[in-house]
Every structure is written in structure tokens, then in C-alpha cells.
Amino acid sequence: GAVSFSGTVLPILQDHCKRCHGEDRKGDLYVMDYAGVIKGGKSGAFVVPGQPDESRSVTSVEMTREPFMPPRVFPSLTEDRIAAIRAWIEQGANEN
């Protein structure tokens, strides 16, 4: 089924990314709203709709392209959470 940004993706970002990419906006990346996710940051496109392998949100957490995220001192995302982000991007990365 369709993966929703607000219902599925945003809670994952809040759990794993907010500490650095919330108000602190490290790397000029803010991921606490859809506009920020689409805008991306210094490292390139956080999301490329339809192309998860070009999206930093996927490559960073799958650790296939640096920067690897989250930093090692924090828990990695579970496989099901990574799969949800990947599926959302594959489906076009729509807001809702």
C-alpha cells in the first residue's frame, strides 16, 4: 500500500534525525517538515522522488554512501524503517 509522509516517514525522521536535523539544521538539512525534506541539504538531495538509490535519506541509513547516518553513537534504523522510507520514495515521495 501507499506509504504516507505524515503517518509513516515523519515519525521515523522525528525518532532518528531530529536531534541534528531539527532546529540545529546540521548540514543545512531540516527534516521536520515536508518542505525541508524536499529541499535537502549541503550533501545533496535528501529525497529524489522515484529514485531511492539517489536519495541521501536512503543511502545514508543503508550506509552505501557517506555521510553515513545516524552517527554511530546513536541507534541505526531498523530494516523495516529503512524499507518504509525506500518505498515512500519509490512511490514518488508525495506529501500525503
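Details
- In the assembled protein chains, Leu10 presents an accessible area of approximately 30 Å² (probe radius 1.4 Å).
- With all protein chains kept in place, the per residue accessible area of the chain amounts to 58 square angstrom at a probe of 1.4 angstrom.
- Peptide packing: for 1-7, 40-46, 85-91, the average count of neighbouring Cβ atoms within 10 Å per residue gives the ranking 85-91, 40-46, 1-7, highest mean first.
- Summing charges over neighbours of Ile82, with a neighbour being any other residue whose Cβ is under 15 Å away from its Cβ, gives -2 when K and R count +1 and D and E count -1.
- Annotation: Cα Rg of the chain relative to the compact-globule expectation 2.2 N^0.38 Å equals 0.95.
- With contacts taken as Cα pairs under 8 Å at a separation of at least 6 residues, the chain carries a relative contact order of 30 percent.
- Computed FRET value (nearest 0.05) for Glu90 with Arg25, which takes r as the C-beta separation and R₀ as 35 Å: 0.80
- With K and R counted +1 and D and E -1, the other residues having a Cβ less than 13 Å from that of Arg19 yield a net charge of 0.
- In the distance distribution for region 8-48, Cα-Cα pairs more than 18 Å apart total 12 percent.
The values are calculated or read from the model by the stated rules, or taken from the named source; none is laboratory data. All of these numbers come straight from a predicted model, not from anything done at the bench. Neighbour counts are summed over all protein chains in view; Cβ atoms, including those assigned to glycine, are modelled from backbone coordinates with ideal geometry. Ligands, DNA and RNA are excluded from the accessible area calculation, which covers all protein heavy atoms including side chains. Shrake-Rupley method; radii C 1.70, N 1.55, O 1.52, S 1.80 Å.
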